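The values are calculated or read from the model by the stated rules, or taken from the named source; none is laboratory data. Bear in mind the structure is a predicted one, so any value in this text is a computation, not a measurement. Reconstructed Cβ throughout: ideal geometry from the backbone, glycine too, with neighbour counts over all protein chains shown.
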Amino acid sequence: MDICCSYGINAALLNHEVTLEDLYAHYTSPQATALTTAELIEWDRSYYAARRRHDAARVIGLDPATNAISYACEVGLLERGFAENLEAAPPSPSLLRAARHTRLITITGGAIFLSPRTFQTILTCAQDPVWVAAFVLRTTSYKSIAACLASNGLVTEKATTHTFRQRRFTDADEQRYAVQAVTAAGDDPYGKETDGYFHTMLHLSRPSEDATAFPLTDLMPRL
């Protein structure tokens, strides 16, 4: 389950032979910008179908953005999509049924909008042990969510070898805030936030036996 999935970009990267650079080129091309939404849906269906991995995973998306969820489902990136906000309302019965088989929860940057409530809802109905891979902005505390995950038997480890760029700052004020927040948290913004980008750190939560069997350092990319 990809939380705050928007248009399904994580599912696109996970299940298709494409890179983020490929997607930038695809959606900024003259052909893409000239299409109507209906035409783009048809074009994207063919684009992703031609690049689908043979070992594609089943991906469920959760995001309050109705149009984004609908698009991701129509082009085939999400098997199921739910335009729901678990911070504000209980889950629908259909979401609860779909979440039963969740084995991995992913979130890339959206943790700033979430509390333990969203995670607890999904973990409560999951039938099997779940891993949670969260890329959390360095300006944000993950402590309350990690505590919630711990109460569900999941050990959280933070990757410290490197960070991951999230997006450019919109203006100088946003950059100033980020540099101050990262510094206040005891981290060094030099070469990261000072260079104009939000950065995230990976927090990986899983059962203790899985953490022992699969050390985080072995799972990290060699950069």
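In table form, for the structure just shown:
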{"quantity": "Identity of the residue in the stretch 176-210, of a type in the set (S, T, N, Q) and out of contact with any Ser or Thr (no Cβ under 8 Å at 6 or more places or on another chain), that ends up nearest to MET220 (Cα to Cα)", "calculated": "SER208"}
{"quantity": "Conditions (1) within 25 Å of ASP22 (Cα to Cα); (2) among the hydrophobic types (A, V, I, L, M, F, W, C); (3) touching a Phe, Trp or Tyr at 6+ places or on another chain (Cβ under 8 Å): number failed by ALA98", "calculated": "(1)"}
{"quantity": "ALA65, sole failed condition from (1) in contact (Cβ under 8 Å) with a residue 60 or more places away in the chain; (2) under 24 Å from PHE113 (Cβ atoms)", "calculated": "(1)"}
{"quantity": "From LEU14, LEU78, residue being part of a loop (DSSP other than H, G, I, E, B) and not β-branched (Val, Ile, Thr)", "calculated": "LEU78"}
{"quantity": "Residues that are among the charged types (D, E, K, R) and in contact with a Gly (Cβ under 8 Å, 6 or more places away or on another chain), drawn from the stretch 2-31", "calculated": "ASP2"}
{"quantity": "Search result, residues across the stretch 31-51 that are farther than 20 Å from SER70 by Cβ and modelled with pLDDT of 95 or more", "calculated": "ALA50, ARG51"}
{"quantity": "Among the candidates ARG97, ARG80, ARG103, residue that is more than 15 Å from the chain's Cα centre (by Cα) and either under 26 Å from ARG165 (Cβ atoms) or surrounded by fewer than 15 Cβ atoms within 10 Å (Cβ to Cβ) (or both)", "calculated": "ARG97"}
{"quantity": "Flag for ALA56 being of a type in the set (A, V, I, L, M), more than 23 Å from ALA89 (Cα to Cα) and loosely packed, with under 12 Cβ neighbours inside 10 Å", "calculated": "no"}
{"quantity": "Residue in the stretch 111-125 that is of a type in the set (A, V, I, L, M), in a helix (DSSP H, G or I) and surrounded by fewer than 20 Cβ atoms within 10 Å (Cβ to Cβ) present", "calculated": "yes"}
